[in-house]
Each structure stands twice: as structure tokens, then as C-alpha cells.
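We did not get these values from a lab; they are worked out from the coordinates using the rules stated. What you see is a predicted model; the values in this text were computed from it and never measured. Note that each Cβ is placed from the backbone with ideal geometry, even for glycine, and that neighbours are counted across all protein chains shown.
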Amino acid sequence: MVTEKDKLFYQNISLQKLLYRLQLLLRELYPEAARPRTGIIDISFHRDDIGRNPIPKEFTPTLIPIDVTGATVILVDDVLQSGRTIKAALDELFDHGRPAKVELAVLVDRGGRTLPVAADYIGLTLQAGPDEKVTVVLHSTDPSHDAITVAAAPRKS
């Protein structure tokens, strides 16, 4: 049986792979002095479902290597659905300063928004139903083995 803790662990691994690939791409495109900096935002303390999903003991703390005040920040996520994760990320980001601009990049926009959130950059747009789960799996070394699956969401007990 896959627990909530397991789900968070595997989602975190996927996002770490996404961050790593983004860092590699930025190294190719920019000299070190001009390279945009990357960081990690932990949304655990800003989730609106914290009562149902307590903060795991093994969480990745927020690591923002620069002062975000006055900066342009691009939030990156794998799947955009309701917008609640992005709202939590914005809350955490603004705890660290006041950016001049915040943009959003997602690999998959699956629709189903419950908050007024829209991505500025979208890799793929899908129309998935409310009882479907969209999962992005990034292969460690070979992007040709990456996968996006749409499957029936597990029933809540």
C-alpha cells in the first residue's frame, strides 16, 4: 500500500529531477555570472489541507539562494490542477521577500482550477477529469524515457 508519506517522497524525487534538469539547461544557456539562480520552496506549512496531511518528518526546507525582493521569480511545477499548491508556494515565497514579478512554468496543465491561477509557460495541456490523476515521471538519465500518465485517481477511504 502506498502511503501519503510515500507519495510525498516520490513527488519530491520527481521535482528534484526537474530542478536538476533545469539547472543543466541554464548552465548551457548562460555564463556563470549571468546564470539565473535556482532554489527550492517547501509548501508544507502553507497547505490548506494540513489537518488531513500532516507535515512529514522528512521534508525539504525552503532554500532560496538570493534575496527575492525586487527580483523576477519563475515558479516551476510538474502538474497544475486546482492552483492550491501554487498559492501555498506564493505564500512561502512572500515570506522571504517581495518579488517584482512572479511567473509560473508547468510541465502539464491538466485543468480543474479552483483558484484563479494561470501558468505563463506550459509544456502540455490536458483535459483530465476530477477523478483522474495526472502523474509526471522523469527518468534519471534519459529524457526519452520520461512519462506522463493519466489514470483513475485512487479512491479516498
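Tabulated values for the structure
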{"quantity": "Rough spin-label spacing in nm, given labels placed 7 Å along Cα→Cβ, for R37 and A71", "calculated": "0.4 nm"}
{"quantity": "Cα-derived Rg to Rh of region 33-157, Kirkwood definition", "calculated": "0.97"}
{"quantity": "Restricting region 22-130 to GluC sites (Glu not before Pro) in coil, as DSSP defines it, with at most 16 other Cβ within 10 Å", "calculated": "E58"}
{"quantity": "Relative contact order, percent, region 30-157 [alpha-carbon distance under 8 Å, six or more residues apart]", "calculated": "19 percent"}
{"quantity": "Where labels lie 7 Å past Cα in the beta-carbon direction, separation of F94 and R155 in nm", "calculated": "4.0 nm"}
{"quantity": "R113 paired with L26, simple spin-label distance in nm, labels 7 Å along Cα-to-beta-carbon", "calculated": "2.6 nm"}
{"quantity": "Cα-Cα pairs of region 99-147 separated by more than 17 Å (percent)", "calculated": "48 percent"}
